[in-house]
Amino acid sequence: MKKILIITYYWPPSGGAGVQRWLKFVKYLRKFGFEPVVYTPSNPENPVDDVSLLKDVPDNLEVLKTPIWEPYDLYKRFVGRKPGEKINTGFLSENKKGGLAEKIAVWLRGNLFIPDARKFWIRPSVQFLNGYLEKNKVDAIISTGPPHSMHLIALELKKLHGLHWIADFRDPWTNIDFYKDLMLTPAADRKHHQLEKEVITTADIVLTIGETMKQEFEKSGSSRVEVITNGYDEDDVFKGVLQMDKKFSLAHIGTLVKTRNPQQLWIVLQELVKQDAAFAADLEIKLVGKVDVTVLDEIRSHGLDDFVKKIDYLGHDEVIKVQQESAVLLLLLNNTPNAKGILTGKFFEYLAAQRPVICVGPAEGDAARIINQTRCGVTVDFNEKEKLMTAVMDYYRKFKAGNLAVATEQISQYSRRELTSRLAGMMDKLINKQTS
């Protein structure tokens, strides 16, 4: 077995999208000749907890943990939040926007905590892992971000030990959708770009989740960028008999931030419930996960409040069932400059659920390409109201006729086992090439 060290902030019992990519890789790596060792904080600030994910952690896995200090307690006191309150990701706010204190906190976060609030874990982690590596041989290091402090830990270890290093980007760094919201000074912006450049030009391989991100990192100076998408785990697909919802349920799974707010969808649904009493009687808008207050306000402004079924958070095992039971799954992409490259992890579980997908996002984006390839649904651009209405009504008529189903094609290439096989092959080539 070749041994690899994986540096990740998110690890079970942490829940949410950030944990699943490397949890699933770790689950299957032994089948392809690699023994993973995971390094993660012992006391992270998890946005949510999900103990159902612990079942995927392999037996006898070596998990190294050290404590992390993060400034979130100071932040909570500064903006008047309760000590135990969870911090949402991606600038999501479930309450009315904060005032001056919140703006000051955002400015401090963007300009003083570079690259992120986990920066204080970099130095102690390098010291700890340096000691570990002096006593334990590993064949490669993998860092996964965000948070991008994980890459800076690996960068230092690369300099100290000359190990093969793969820097995995689940999301962009300076091109992430909320980067402009950090209120960066020119100096802070330069620092972010400088650190990003050093990481992507020093890592042996920059690994991304989609073709658009690959092109962006290549333009930024990386000499080798590889793509391995997120995927679905065949073990997670519910094998029993699940009845589809009796309601015509339009379900969105996951965090719904303000930039994902599908404004045209609420307009379409408002018009349809006014025009068609049968449609109104059948409609259910199912929102599973954290939802920004601005989204709920807009739903309310269009008179759709009574159609909403909101579920704050479900464990991953329960989410899988909800996806398979829903009539139509909503894939809502951020209406931001990087929209073409957004390829959320839940999308691949949507494929495995074999329910029709309505994607609101760029017709030329990475998600649209896979939708077209797998024939799992339809992509509607952010302002294509008439096309969106047609899509909703087409699926509704099929729902009423009892034949609302999709025969997705070519999805096996996105299984977690197959993706891990590709990862192992990539690592084998990297390690064997440089050791031969």
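The values are calculated or read from the model by the stated rules, or taken from the named source; none is laboratory data. As the structure is a prediction and not an experimental result, all values here were calculated from the model. Glycine also receives a Cβ, built like all others from the backbone with ideal geometry; neighbour counts cover every protein chain displayed.
Listed values, structure above:
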item	result
Residue satisfying condition, being more than 24 Å from ASN111 (Cβ to Cβ), in the same structural domain as GLY402 (by TED's automatic domain parsing) and either exposed (fewer than 14 other Cβ atoms within 10 Å of the Cβ) or in contact with a Cys (Cβ under 9 Å, 6 or more places away or on another chain) (or both), within set LYS239, LYS219	LYS239
Subset of segment 372-397 (residues that are without any contact (Cβ under 8 Å) to a residue 40 or more places away in the chain and either among the hydroxyl-bearing types (Ser, Thr, Tyr) or in a helix (DSSP H, G or I) (or both))	ASN372, GLN373, THR374, THR379, GLU386, LYS387, THR390, ALA391, ASP394, ARG397
Enumeration of residues in segment 260-280 that are loosely packed, with under 15 Cβ neighbours inside 10 Å and over 15 Å from TYR396 (Cα atoms)	LYS274
Any hit, segment 37-45, residues being of a type in the set (Asp, Glu), part of a loop (DSSP other than H, G, I, E, B) and touching an Asp or Glu at 6+ places or on another chain (Cβ under 9 Å)	yes
Qualifying residue in segment 246-253 (condition: touching a strand residue (DSSP E or B) at 6+ places or on another chain (Cβ under 8 Å), assigned by TED's automatic domain parsing to the domain that holds CYS359, surrounded by 16 or more Cβ atoms within 10 Å (Cβ to Cβ) and of a type in the set (Gly, Ala, Ser))	yes
Sole exception among (1) surrounded by 14 or more Cβ atoms within 10 Å (Cβ to Cβ); (2) touching a residue at least 12 places away in the same chain (Cβ under 8 Å); (3) more than 24 Å from TYR179 (Cβ to Cβ) for VAL225, by number	(3)
Test: residue in segment 194-203 that is surrounded by fewer than 22 Cβ atoms within 10 Å (Cβ to Cβ), closer than 16 Å to LEU112 by Cα and modelled with pLDDT of 95 or more	yes
Total residues in segment 411-436, condition at pLDDT 90 or above and not in a helix (DSSP H, G or I)	2
Of residues in segment 2-36 being within 23 Å of ALA167 (Cβ to Cβ) and in a loop (DSSP other than H, G, I, E, B), the one modelled with the lowest pLDDT	GLY16
Conditions (1) polar (S, T, N, Q); (2) at pLDDT 80 or above; (3) in a loop (DSSP other than H, G, I, E, B); number of the one not met by ASN88	(2)
Selection from segment 226-252 of residues that are part of a strand (DSSP E or B) and in contact with an Asp or Glu (Cβ under 8 Å, 6 or more places away or on another chain)	VAL227, TYR232, PHE248, SER249, LEU250
Flag for ILE311 being touching a Lys or Arg at 6+ places or on another chain (Cβ under 8 Å) and either among the aromatic types (Phe, Trp, Tyr) or within 30 Å of ASP181 (Cα to Cα) (or both)	yes
Output for segment 133-158, where each listed residue is surrounded by fewer than 16 Cβ atoms within 10 Å (Cβ to Cβ), of a type outside the set (S, T, N, Q) and either under 15 Å from PRO36 (Cβ atoms) or in contact (Cβ under 8 Å) with a residue 24 or more places away in the chain (or both)	LYS137
Failed criterion for ALA401 (all others in (1) loosely packed, with under 15 Cβ neighbours inside 10 Å; (2) within 24 Å of THR208 (Cα to Cα); (3) of a type in the set (A, V, I, L, M) hold)	(2)
Test: residue in segment 99-113 that is out of contact with any strand residue (DSSP E or B) (no Cβ under 9 Å at 6 or more places or on another chain), modelled with pLDDT of 95 or more, assigned to a helix (DSSP H, G or I) and over 21 Å from VAL206 (Cα atoms)	no
PHE307 under 21 Å from the mean Cα position of the chain (by Cα) and aromatic (Phe, Trp, Tyr)	no
